[in-house]
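Remarks on the structure that follows.
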Amino acid sequence: MKRPHRKRYFSLQATITIVMIVFGIASSAIITLLLYMNFSAQVREDLRLRLRNIADITALQMNPDELATVVDKADMENEVYVRYQRKLSEIINSGADIINIYTMRKKEDGKIYFYMDAGDLSYTPDPPGEVAYEKPSDLLLEVFALPSGTVVEKNIYTDEYGSVISAYAPLYTQDGNLESILALDMKADTVIQAEQNILKTTLVYFGISLPFIVLLAIYFGYLISRPSNSLSKVAQQIAQSTEWKTLSIPLDAAGNSSEAAGLIQTYNLISQRLNNVIQDLEQRVVERTTDLKAASALSEKRARQFEAITLVSKDIISIQGLVDLLPRISQVISEQFGFYHVGIFLTDTHGEYAVLSAANSEGGKKMIQRHHQLKIGEQGIVGYVTQTGKPRIAIDVGEDAVYFTNPELPGTHSEMALPLKAGSNVIGALDIQSTQVGAFTNEDFQTLSALADQVSLAIQNARHFEQSKKSLAELEAIQRQYVRETWERLPQEEKLAGYRYSVTGAVPLTPEEVETAKNTQSKRHEVSTPIILRGETIGTLTVQSPTDEYVNQDQMDLIRAVAERVAISAENARLFDETVRRAEREHLVADITTKIRSVTDPQEMINTAVEELRRALKAKRIEIVPGKPHPPQPDKNLLEEDNHV
């Protein structure tokens, strides 16, 4: 196959020349820049060192204890202020390029104020402590926070005095306290001018070097590209070759080997080695492909196992009953792991047998129909597992002495049983059988063990759910019986059968009136709905309307809603009344007990008890008959008609 020809814009010599020119110019520019930066940094460092020395010398001439006496405008006539003002002015006029010398203090408001402030002869100082430093630098703030010695600003800044650089020296009193910060501003115009001169000089050198760079690039481009003609033929021969074959060495007109001979010899050596490498790579590709297929199969198997765990977890959450849950779990494990039989055994209530409760295979379903069970500790691998609580794997059931031969599962060649536990108690076993010998891997064992734990948890939850459901049903039955008996007894005790509500108000109804109303045919249209409380009907809500009016569905829904509210309100009223009666009874008992305890004579105690009971029960006479094994029945003739003892 012919390769497409690409248009060549530059010759090899021109390309090499251009590259070398660019490289030379870039190298020269970098060297020039480095020289300029080095000289500039050196000049600035010399300036900073000079300013620091001047600041140290000036600080030595200052007496911080005397400076501490200068605090406000009134001290400008002070001898100390005048003397130091003159001394600082002399330093500025000494010709050291110092333009300002001043001292600063930080007040309680956190601002920095000027105190001693000296300049040239035309400069008028500000009153001490009245002018604040508007924008102090970070270095100055750091010196006030952590004074450690004389420091100089790294950068040169420009203000109305020109290019300036500042230095700061802390001044300490004899007792070691920071009195103020001495600051010196030095002109940096000479440094800026020196940097500009250095830049001009380096640019001149850079311009002079450009012609030499171009000439050298042209010369070396010619030297490098000269043997390219002889090498191009060899390159074309290599490019047109579809296989790594040995090439012949071309000869020139005199019969001598060309400059490409060494390249061809090297190519032939590389070609031989590449052929060996290709063969080795092909063999590795085959091996890696085989390994990838095995790894892919293993990944798919693990994915199915994780999917099985997910499905079982989902079923555990969504299915509560064991009758539906256990067959679903056995079916999922069989489908995702590829085992032809999965059974779930549960121990009976006596702990004697492991009963097959769910299975996915046809043989397993037949065993469930005939109530298949294994003796715990005696029959098969399942019996062993349910007794010991330890898992057991039979790689080849024909060689396992514990294996139980089952005619319903003739294709079994390997079996694994995992215990199902509730805490430390064994509640069953997960039985898995395969038609292959040695079908269970370590990954299968770990995954299925995790599934067995989930199945155990599901069984416990299902049993707890069923027990809770049963207890709830019993509780609801007891509650309904209590509600029914209470509301059946209530009309007899209260002698009240209901209420009639009209525009004039509510009127209580006796049982006779209710019975009469039932037997009397009303000229009005009646709609009745039961009043239901906790599943028990405790009454009826009857609504009467004119015969020509029709009760629609919305009105009927409203009547039912009112009946529900009536049931709740009536029950709340009954409970409140019952609570009040119980409280009154307990209060009465407490009062009688208190009165009995207020006397110490036994006969008086008995008399008090009898009198209080008679008064509370409104009885005519109360007798206390000692010595009888059972208390006598109360004499109803001795009590009033509406009271009982």
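At a glance:
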| read-out | value |
| --- | --- |
| When residues of region 402-424 are limited to those that are aliphatic (A, V, I, L, M) and closer than 16 Å to Lys375 by Cα, the one modelled with the lowest pLDDT | Val402 |
| Cβ-Cβ under 7 Å pairs, at least 6 apart or on other chains, region 58-78 side farther than 20 Å from Tyr168 by Cβ, far side open to solvent by 30 Å² or more (accessible area, probe 1.4 Å) and of a type in the set (Ser, Thr, Tyr) | Asp75/Thr69; Asn78/Thr69 |
| Identity of the residue in region 608-624, outside any helix (DSSP H, G or I) and hydrophobic (A, V, I, L, M, F, W, C), that ends up least open to solvent (accessible area, probe 1.4 Å) | Ala619 |
| Among residues of region 94-119, those that are open to solvent by less than 80 Å² (accessible area, probe 1.4 Å) and touching a residue at least 24 places away in the same chain (Cβ under 8 Å), counted | 15 |
| Within region 309-329, tally of residues that are modelled with pLDDT under 70, surrounded by 12 or more Cβ atoms within 10 Å (Cβ to Cβ) and among the small types (Gly, Ala, Ser) | 0 |
| Test: residue in region 127-139 that is over 60 Å from the mean Cα position of the chain (by Cα) and within 15 Å of Ala183 (Cβ to Cβ) | yes |
| Enumerated strands (runs of 3 or more DSSP E) restricted to region 63-177, each holding at least 1 residues that are basic (Lys, Arg) and closer than 30 Å to Arg44 by Cβ | 98-106 |
| Filter result (under 30 Å from Ile112 (Cα atoms) and surrounded by 12 or more Cβ atoms within 10 Å (Cβ to Cβ)) within region 23-52 | Arg44, Asp46, Leu47, Arg48, Arg50, Leu51, Arg52 |
| Neighbours by Cβ (under 9 Å, 6+ apart or cross-chain): first from region 19-38, within 15 Å of Gln196 (Cα to Cα); second open to solvent by less than 100 Å² (accessible area, probe 1.4 Å) and aromatic (Phe, Trp, Tyr) | Thr32/Phe206 |
| Filtered residue count, region 346-355, keeping only those that are free of Cβ contacts under 8 Å to residues at least 40 places away in the same chain and surrounded by 19 or more Cβ atoms within 10 Å (Cβ to Cβ) | 1 |
| Residue match in region 489-505 (condition: at pLDDT below 75, part of a loop (DSSP other than H, G, I, E, B) and not hydrophobic (A, V, I, L, M, F, W, C)) | yes |
| Residue count for region 132-181, restricted to those that are among the β-branched types (Val, Ile, Thr) and open to solvent by 50 Å² or more (accessible area, probe 1.4 Å) | 1 |
| Lys365 more than 28 Å from Ser468 (Cβ to Cβ), assigned to a helix (DSSP H, G or I) and open to solvent by 50 Å² or more (accessible area, probe 1.4 Å) | yes |
| Flag if Val426 is among the aliphatic types (A, V, I, L, M) and farther than 20 Å from Ile344 by Cβ | no |
| Unique residue being within 23 Å of Leu35 (Cβ to Cβ), among the hydrophobic types (A, V, I, L, M, F, W, C) and loosely packed, with under 14 Cβ neighbours inside 10 Å when the list is Val214, Val204 | Val204 |
| Residue within region 564-584 that is open to solvent by 90 Å² or more (accessible area, probe 1.4 Å), in contact (Cβ under 8 Å) with a residue 12 or more places away in the chain and not in a helix (DSSP H, G or I) present | no |
| Residue within region 270-286 that is out of contact with any strand residue (DSSP E or B) (no Cβ under 7 Å at 6 or more places or on another chain), modelled with pLDDT under 65 and of a type outside the set (D, E, K, R) present | no |
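A quick yes/no check of all residues on (1) small (Gly, Ala, Ser); (2) surrounded by 18 or more Cβ atoms within 10 Å (Cβ to Cβ); (3) assigned to a strand (DSSP E or B):
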site	(1), (2), (3)
Ala358	yes, yes, yes
Leu374	no, yes, yes
Val385	no, yes, no
Ile393	no, no, yes
Glu408	no, no, no
Asp431	no, yes, yes
Asp453	no, no, no
Leu457	no, no, no
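The values are calculated or read from the model by the stated rules, or taken from the named source; none is laboratory data. Please read all numbers here as calculations on a predicted model, not as lab measurements. Note: ideal-geometry Cβ built from the backbone for every residue, glycine included; neighbour counts use all protein chains shown. Ligands, DNA and RNA are stripped out before the accessible areas are found, and what is left, the full protein with its side chains, is counted by its heavy atoms. Shrake-Rupley method; radii C 1.70, N 1.55, O 1.52, S 1.80 Å.
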